[in-house]
Amino acid sequence: MKPVVGKVVSNKMQKSVVVAVDRLFHHKLYNRYITRTSKFMAHDESDQCNIGDRVRLDPSRPLSKRKRWVVAEILQRARIYKPPSAEAPSKDLTMKSESSSAVAPTPSST
């Protein structure tokens with residue numbers, strides 16, 4: 001088996017991740033390319049993978065009932081959303097809240 005590249009879709013387990021690997025093949029009857037996705041469980045010894053990371057998996061001996069792959073390297077880290085801190089509200093948010101509290105004139109019927 002050769003190494004595969006995929007995206008981490010779950011990291012809720014300890015030292016294990018689920019990786020979705022896409023493959024493209026040609027359908028002979030419809031003469032179109034079709035994408036199929038396979039999910040593999042992989043061993044992540046350092047427990048550093050997050051959801052959305054692109055990783056390269058290497059085959060290994062069976063580590064458990066469903067784990068036959070090991071995370072070789074993290075190719076690209078996912079961008080993780082960090083909410084702004086509540087201690088220092090930005091000026092834009094305070095300006096919007098003040099302007100929205102003003103009463104807008106109602107349209108008159110003619």
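Some values worked out for this structure:
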item: Rg ratio (alpha-carbon, reference 2.2 N^0.38 Å) - region 1-94; result: 1.48
item: Residues Tyr81 and Lys28, FRET efficiency given R0 of 35 Å [Cβ-Cβ distance, rounded to 0.05]; result: 0.20
item: Exposure ranking of Val8, Val18 by accessible area [1.4 Å probe, largest first]; result: Val18, Val8
item: Ser16, Ser85, reordered so the largest accessible area comes first (probe 1.4 Å); result: Ser85, Ser16
item: Solvent-accessible surface (1.4 angstrom probe) belonging to Thr37, in square angstrom, nearest 10; result: 90
item: Residue-level accessible surface for Lys15, protein heavy atoms, 1.4 Å, Å²; result: 90
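The values are calculated or read from the model by the stated rules, or taken from the named source; none is laboratory data. From a predicted model like this one, the values you see are computed outputs, not experimental measurements. Backbone-built Cβ (ideal geometry, glycine too); neighbour counts: all protein chains shown. We work out accessible area using only protein heavy atoms, side chains counted, and drop any ligands, DNA or RNA first. Shrake-Rupley method; radii C 1.70, N 1.55, O 1.52, S 1.80 Å.
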